[in-house]
Amino acid sequence: MAAGELPAGRAPDGGAAVLFADGELTEVVAERPGPTLHRVEPGNGGTMGETALPARVLP
């Protein structure tokens, strides 16, 4: 990814569910605290960045 050979992507932790509407990410949910969705993107200068999006815990 850092070399620009792979596109940006998303990877949910076990127990996380990712909801999409019209092809757009709308929410990350889980049945227990802890799981997140990791968004990985190429950065500047051959680096890569990762952002963790926390899940909303379902009642």
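The values are calculated or read from the model by the stated rules, or taken from the named source; none is laboratory data. On a predicted model such as this, the values are computed, not experimentally measured, just so you know. Neighbour counts are summed over all protein chains in view; Cβ atoms, including those assigned to glycine, are modelled from backbone coordinates with ideal geometry. Quick note on the areas: whole protein, heavy atoms, side chains included, nothing else; ligands and nucleic acids left out. Shrake-Rupley method; radii C 1.70, N 1.55, O 1.52, S 1.80 Å.
Within the chain, what whole-number % of the accessible surface is contributed by carbon and sulfur, with the 1.4 Å probe and all protein chains included in the calculation? Write out the running numbers ahead of the final one.
Numbers: 2200 of 4080 Å².
It is 54 percent, rounded to a whole number.
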Checklist outcome for this item: Residues meeting the amide H criterion for T36 (H placed from the backbone, H to H distance under 5 Å, 5 or more places apart or on another chain) are D13
Next on the checklist: Given contacts defined as C-alpha pairs under 8 Å and at least six residues apart, what's the relative contact order of the chain, whole-number percent?
Outcome noted: 36
Checklist entry - Which ³J(HN,Hα) values in Hz, rounded to whole numbers, follow from the phi angles of region 29-34 under the Karplus curve 6.51 cos²θ - 1.76 cosθ + 1.60, where θ = phi - 60° and Gly and Pro get x? => result 10, 8, 8, 9, x, x
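Whole number in Å², please: accessible area per residue of the chain, 1.4 Å probe, ligands, DNA and RNA not counted. Kindly include the intermediate steps, with their values, before the conclusion.
Details: 4080 Å² over 59 residues.
Using a 1.4 Å probe on heavy atoms only, each residue of the chain averages 69 Å².
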Item to check | Span per principal axis, largest first, for the Cα atoms of the chain (Å) | outcome: 43, 26, 15
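Take each of the peptides 35-41, 21-27, average the number of other beta-carbon atoms within 10 Å over its residues, and list them starting from the highest. Could the numbers behind the result be given before it?
On the way: 35-41: 16.7, 21-27: 8.6.
Taking the mean over residues of other Cβ atoms within 10 Å, the ranking is 35-41, 21-27.
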